[in-house]
Amino acid sequence: VRRRSWFGPLLVIGVLATGTAVAWVAQDRFDHWEHRELFPSCAGCHAGAEEAGAPLYPQTANCADCHDGSIEDRVEWAPPTAPRASNLKFTHSTHAEEILRATPDSALRCSACHSESDGDPMQVRVAVVRNCLDCHRIRAEHLEAPDSACIVCHVTLVQAVRLSRTDVSRFPAPPSHRAPDFWERGHGEQARVGSRGVAGSCATCHARDFCTECHVNAPEVAAIQALQPDPRSLVHRTELRAPASHADPGFLLGHGQPARKNAVECATCHTQESCLGCHEASPTVALAMHTAGPGRGPGARVERKRPESHGLDFTDTHAEPASARPQSCGACHARAQCLDCHRPNAADPSPGYHPAGFLTTHPAAAYTRDQSCADCHNQSQFCADCHVSAGLGSTDGLRGAGYHDAKAEFLLNHGQAARQNLESCVSCHSERDCLSCHSAQGGRRFNPHGPGFDPETLRRKNPSMCTACHGTAIPGE
Amino acid sequence: VNGLVQRGAWLSIALLGLGPGLAEAQGYRLRLDSRVQRVTYRGLTMDSIPVGDVVTGPTGGPRTPDNFAVRCPPGSTHCFFFRAGPELTGGPLVTTADLTLWGLGISGLSVRMNGRLGLDLDGDETWPGTEPSAQLVEAYAEYAQRQFTIRGGRQLLVHRLGITGFDGGRGIVRLGRSGVEVDGYVGLGLGRATALTPTSPALDPLDEFQPQSRQILAGSALGYRGRRWEARVDYQREVDRDSRNFVSERAALSLNVRPTARWSLAAGADYDLANTWFGNADAVLRYTSPWLTVTGGLRQYRPHFDLWTIWGVFSPVPYSSAEGAVFVRPLRSLELRARGERYSYSDTETQTPLVDVDDDGWRLGFGASYSLGRAWRFDAGYREEYGPGASSHGFDALISWLPTTVLSLTAYGSTLDRPLEFRFNDASVDVVGVDAEWSPTNQLRLAVGGERYWESRDRPDAAAFDWNQTRLHARVTLLLRSEADGFRLPPALRTRPRAGSR
């Protein structure tokens, strides 16, 4: 209860303190309405609005005539030392001459801009935009005014040198920017004026830097080049979005044809690098695009998608399509990815193609060549080398092969196994092991030739091979 | 050592030459990738004892006094057996630089380089692939225009005849907008499936036959690329520079048809003109939709051997297979998969009266993946196969957790039983592993992990020692690229293969 007794007064004090602060902030601007009885004309304080060279604001001493601490409280105020930052193409002196011709009453003259059209002249506002539009006969809302209207009142962003980045960031976005197709097509159509110009409405708020946030083809687009560079324009952040066409499920496979037909359009957003992100192995695809560099947008960041053809079993079955059409693989895959598996790394425990622990299953899989081991593994470098170091290889003639460690009779019955799985034999045995029996020049002279042996063609292709067993006495010669 | 210094000097000159280009190029992409692994495992070592010291084991076979089964060749004074070898440690460290430059002042000109520096930190060269220490996988300049592409330097060809590396030139001409293109290339070939020349000592661990000089590789292709289908005919020959004999001569046909967006047919075959037989051939019909993929196909597999070896004259026979697979995503978070294949070898025309060797086999696998929100992923699979000389069955499971968008933690395990092919007895393997990957920025990726293998061999003698292994690994990947698109690592980087896949 005691605590609550303090809460009420504290709340009151807080509210009062806050209210005082709000009131003080509200009084920060000069209250023209409060002083309406004292100043019959605007020019008494704002002479510069009518006379070129005269001060636009009164002196501090003018205020102190009344606000001396006895008649009225003192105020701390000083006239601005520089014109307010603005992108308006406007001076009071030029406007004053025209308005002076219309009405001699300075209050009315000023209220043409600084008061609502139906308000009291001393209800002073910062220039009322509607009044500007009406006077200049622009029959549209401010942000919906036609392109040609902007330059009536505004200078370009590049010319508005006094605007800070914060000022620029507060520019309101026109309703046109919210149109569904504005960023994809609308903005380009609006921006083009003639063959080499740019719409004034764009230049009012934007500069070239803004366009090059996205446009890879910025140097080739006349409307963009018609804009001056200005880094302040980058406070309006934008980013590339994929056009609607890219959402089509078939776009990935079918984008090549439209890209060839109209590469210029693709080059709006894509660099050579963004093509090469996928088409790494076939850079011809990217030739129609521009390379990334100064003055160009960084380009769309392309992420690879898995084509439908890469089904659930594709790791196991990619061999056939890869051999039938290697170029199509090369469109997306870097050669290094193939080499990860097809040129095995001695220090990789899992070469990639095989599942974890394949070492345990490889004897059976290799024996019947479930897959073609020789596509990736050199039998001498990979198989025989390891088998020799493990004591399985035949380093000391036939009896030195540890693989058949206790199967002495296998030698007498190896014929069928050898013809069925000769690659397995070769992973441990050298030719000399076999020639000890299968040579026509020595040993037991067992004929090794079997089904499909074509001596005539083989001798024609490579007679040296025949001499290994037959010496110079090659049958048939 | 001289060779190493020489290669290092060439690599340095190349990098220095690329330096100014990198500085001036308007576009570049540089991926630096360092990986290190530490592996400890135990191998075999051959031993022998005099025939007189052999004892008879409980099953009647010859053994050593300490219970190792032995082989006693007829007429030999010694019997042979294998003991557990010393514990071996490998520490491969490989740094890969992959660089692409474009915007070099000439429109259409780009430069690509992929090179590796590797070494075995433990110095005893137990791990394959770390010799020689500097390997240039690719390094070429390319000038591409709409109607043609020319390329010079070390490059890889990717087509149905495999992935072939060579040092030379390549030109591709595209005939207007017809979709027809003509491809031709010539150069000095590299060893198959490696960045080394065929004369490299690293390709001769068994001191077998090896060519004395690099072969001339040349080929051409005619292709058509249309909206609904594409086809390509390849011809490629490799000729020994010294003897002018063929190292290989092959042709291939590839076809890919997409009558609708969901259906596709991929088919092709290669023909060995030297051996006058078909090598690999396949045809796969596939239906793909966002929630269902079904494939069915036929294929033949026959290995290819260069003619500087004699392996081809041993007449390797092909196997033919029919396979099918289905992937279903009944829920957005659930994926089910199954795969099966049945294969059969051609007649080997051999006789093995003492053993009964199969000539056909099958394999199947199925599994499921479930995602719980964006953070959790569970995957489990089962696979089984049976065939001549190879059979196994086992489970895999994997759990991935993404506590944040830049960190992933993965734990996995598997268990496998596999009869040791043409050997003594069965083995079983259990594996447990963990991986962690962190991407603190778009340009940096860090990963660490480790796995432990327990392999036990079921045999009745002292050679039933374990083949246990421990592997630890770490990885740093740094991606640098021009600002225009320097926003993230390529999303198309491979993902970890699913458990239960091949």
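Nothing in this text is a laboratory measurement; each read-out follows from the coordinates by a stated rule. Fair warning: this is a prediction, and the values are worked out from it, not measured in the lab. Backbone-built Cβ (ideal geometry, glycine too); neighbour counts: all protein chains shown.
Some observations on this one:
- Taking segment B:267-383 and dividing mean pair separation by its residue count, relative contact order in percent (alpha carbons under 8 Å, at least six apart): 17
- Seen from every direction in turn and averaged, the convex hull around the alpha carbons of segment A:365-477 projects onto 8.2 nm².
- Amide H partners (placed H, <5 Å) of B:V247, local residues excluded: B:E238, B:V239, B:D240
- In this structure the amide hydrogen of B:F278, modeled in the peptide plane, comes within under 5 Å of the amide hydrogens of B:D272, none closer than 5 places in sequence on its chain.
- Karplus-derived HN-Hα couplings along segment B:184-200 (A = 6.51, B = -1.76, C = 1.60, θ = phi - 60°), whole Hz, x at Gly and Pro: x, 7, 7, x, 9, x, 9, x, 5, 6, 7, 9, 9, 6, x, 8, 5
- Remark: A:S274, A:S93 ranked as A:S93, A:S274, counting other beta-carbon atoms within 10 Å and listing the fewest first.
- When the charge dipole of segment B:245-313 is built from unit charges on Cβ atoms (+1 for Lys and Arg, -1 for Asp and Glu) and taken about the Cα centre, the candidate among B:P303, B:T288, B:L255 whose Cα reaches farthest toward its positive end is B:T288.
- Protection proxy ranking of B:309-321, A:122-134, A:150-162, by the mean of other Cβ atoms within 10 Å over each peptide's residues and highest first, is B:309-321, A:150-162, A:122-134.
- For the residues of A:452-460, the average number of beta carbons from a partner chain within 10 Å of their own beta carbon is 5.
- When the Cα convex hull of segment A:210-250 is projected onto planes of every orientation, the mean area is 3.8 nm².
- Take every Cα pair under 8 Å whose residues are at least 6 apart in sequence, average their separation, divide by the length of chain B, and the relative contact order is 10 percent.
- Taken one residue at a time, the phi angles of segment B:338-354 give Karplus couplings (6.51, -1.76, 1.60, θ = phi - 60°) of 8, 8, x, 8, 10, 9, 8, 7, 5, 4, 7, 6, 10, 10, 10, x, 8 Hz. Gly and Pro are set to x.
- Degrees between helix B:2-24 axis and first principal axis of chain B (Cα, 0 to 90, nearest 10): 30
- Rounded to the nearest 20 debye, dipole of the protein assembly as shown from Cβ charges on Lys, Arg, Asp, Glu: 1320
- Note on A:K261, A:K461: ascending count of other Cβ atoms within 10 Å places them as A:K261, A:K461, the fewest first.
- Counting only Cβ charges, +1 for Lys and Arg and -1 for Asp and Glu, the dipole size of segment B:268-326 around its Cα centre is about 160 debye.
- Only the Cβ atoms of Lys and Arg (+1) and of Asp and Glu (-1) were treated as charged; on that basis the dipole of segment A:79-177 about its Cα centre amounts to roughly 360 debye.
- Restricting the calculation to Cα atoms, every distinct pair contributes to the Kirkwood radius of the protein assembly as shown, found to be 34.5 Å.
- A Stokes-Einstein calculation at 37 °C with viscosity 0.692 mPa s, built on the Kirkwood radius of segment B:30-123 over Cα pairs, returns a diffusion coefficient of 180 µm²/s.
- Percent of Cα pairs exceeding the 13 Å cut-off, where the set is segment B:199-252: 68
- Its Cα gyration tensor gives segment B:238-374 an equivalent ellipsoid. The semi-axes, each the square root of 5 times an eigenvalue, are 37, 22, 14 Å from largest down.
- For segment A:182-198, 3J(HN,Hα) computed residue by residue from phi via the Karplus equation (6.51, -1.76, 1.60; θ = phi - 60°) reads 4, 6, 7, 10, x, 5, x, 5, 6, 6, 6, 10, x, 8, 9, x, 10 Hz, glycine and proline entered as x.
- Residues whose amide H comes within less than 5 Å of that of A:V193, counting only those at least five positions distant or on another chain, are A:V198, A:A199 (H built at 1.01 Å from N in the peptide plane).
- Residues A:W183, A:W33, sorted so that the one with the fewest Cβ neighbours within 10 Å comes first: A:W33, A:W183
- Anisotropy class of chain B from Cα gyration tensor, a/c 1.5 cut: rounded
- Structure-based [θ]222 nm, chain B - -39500 (n - 2.57) summed over DSSP H runs of at least 4, per residue, nearest 500: -1500 deg cm²/dmol
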